[in-house]
Each structure stands twice: as structure tokens, then as C-alpha cells.
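These notes concern the structure reproduced below.
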Amino acid sequence: MATYIALLRAVNLPSHNKVSMADLRAFVEWLGMENVKSVVQSGNLVFQCAATAPAKLEALLEAGATKHLGLTTEFHVRSAKEWASIIAANPFPAEAKSDPAHLVLMPLRKAPSAAAVEELRAAIKGREVVRTNGREAYFVYPDGIGTSKLTIALIERKLGTTGTARNWNTVLKLGALC
């Protein structure tokens with residue numbers, strides 16, 4: 001059995017994609033996953049199943065959620081080993097210690113090009129900072145996330161891929177469950 005983390009994109013927002021974590025856990029168990037746990041209400045799962053490619057799990061979870069939960073969203077899946085590497089590769093260790101709520105990890109569907117990352121950096125109007133490592137982007141929001149002009153929509157548009165963001169506290173909680 002291998003351990004995986006699945007992050008759902010844009011669930012339990014005020015206007016759409018509502019799903020209870022109990023229903024989500026039951027659905028993933030119905031698919032045959034074991035030891036399914038959820039972390040906070042924003043769609044974070046840790047589970048075990050036979051080792052397989054994360055992309056195959058993404059497709060299985062997305063198709064199943066649409067059919068069985070009426071939930072159309074992306075799942076971003078990483079293995080426990082990948083997650084440990086993501087944590088270890090954090091380019092902002094000082095911020096992780098001093099202000100983890102304003103350090104954000106964004107797992108991406110695909111790795112952005114260097115040119116796309118530079119386009120994103122050029123579009124930043126505040127003091128936010130971005131670093132990428134393969135299919136992960138790390139952001140520091142020193143002045144807060146809620147009022148920042150560096151939104152997920154802008155990030156996705158500039159990087160040419162989709163993703164879902166979690167603050168560093170959640171990243172570490174998920175890592176601890178692995």
C-alpha cells in the first residue's frame with residue numbers, strides 16, 4: 001500500500017462546489033482507498049491504496065466525484081514521497097518558521113515554463129514573492145493573502161496551468177498524516 005495526498009480545487013466556496021468531508025471520505029473509501037482522512041474543510045485527503053501513478057488517481061477521483069457526488073473539480077494528487085520532497089524543497093524556510101499562514105504552496109497540474117514564471121513575476125504588483133520547483137509553486141504573501149492582487153486567477157493565467165493553494169500550516173499537517 002502506498003500513501004497519497006489529494007487536494008481538491010475550489011471546493012466549499014460560498015457559492016459552489018459544496019461537499020461534506022464525511023461524504024468525500026465515504027466516496028474515496030467506496031473507490032477502494034483505505035485509511036482515508038481529511039484535513040480542514042477545503043478538500044484535503046490522505047489515503048492509502050495500491051501504488052499507482054498520481055495522474056491515474058487524479059483521473060479516477062475526478063470522474064468518480066462528478067458521477068457520484070455531482071462535484072466537478074480537479075484533484076491534485078501527490079505521493080507521500082513527493083510530499084516529503086515538496087516540504088524539503090521549500091525555498092522559504094525563514095517564512096515557514098516565522099509566518100507559515102502567509103507561505104502558500106500551490107500544486108500545479110503541469111510544470112510551468114521558465115518564461116511563464118518570469119511573466120508571473122513581472123505581473124506581481126506588491127511584495128509577494130514566487131518560486132517554482134517542477135509542478136509546485138511557493139508563494140510568500142508578506143502583507144496578507146486576502147487583499148493581495150496576486151490571485152489564483154492571475155497565477156493560473158500567467159503560468160498556463162491550473163492549481164490549488166494551501167498555506168504552509170496545512171501542508172505540514174498533511175505531511176504529518178503521511
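Computed from the coordinates by the stated procedures, all read-outs in this text should not be read as laboratory data. This is a predicted model, so every value here is computed, not measured. Virtual Cβ from ideal backbone geometry, glycine too; neighbours counted across all protein chains shown.
Think of region 89-177 as a dipole: +1 on every Lys or Arg Cβ, -1 on every Asp or Glu Cβ, centred on the Cα centre; then among Ile124, Ser148, Leu177, Leu177 lies furthest on the positive end. Across region 29-178, C-alpha contacts under 8 Å between residues 6 or more apart give a mean separation that, scaled by the residue count, equals a relative contact order of 25 percent. Modelled spin-label separation between Ala88 and Ser20, with each label point placed 7 Å from Cα along the Cα-to-Cβ direction: 4.0 nm.
Loop-located GluC sites (Glu not before Pro) across region 51-86 with a Cβ neighbour count of 12 or fewer within 10 Å are lacking, with loop assigned by DSSP. Simple point charges give the picture: +1 on the Cβ of Lys and Arg, -1 on the Cβ of Asp and Glu, and for the chain a dipole about the Cα centre of about 160 debye.
Computing volume of the Cα convex hull per residue in Å³ directly from the structure and comparing it against [x] 153; [y] 118; [z] 109 singles out [z].
Dividing the Cα radius of gyration of region 1-104 by 2.2 N^0.38 Å, with N the residue count, gives 1.13.
From its DSSP helices (H runs of at least four residues, each -39,500 (n - 2.57)), the chain gives a residue-normalised ellipticity at 222 nm of -11500 deg cm²/dmol.
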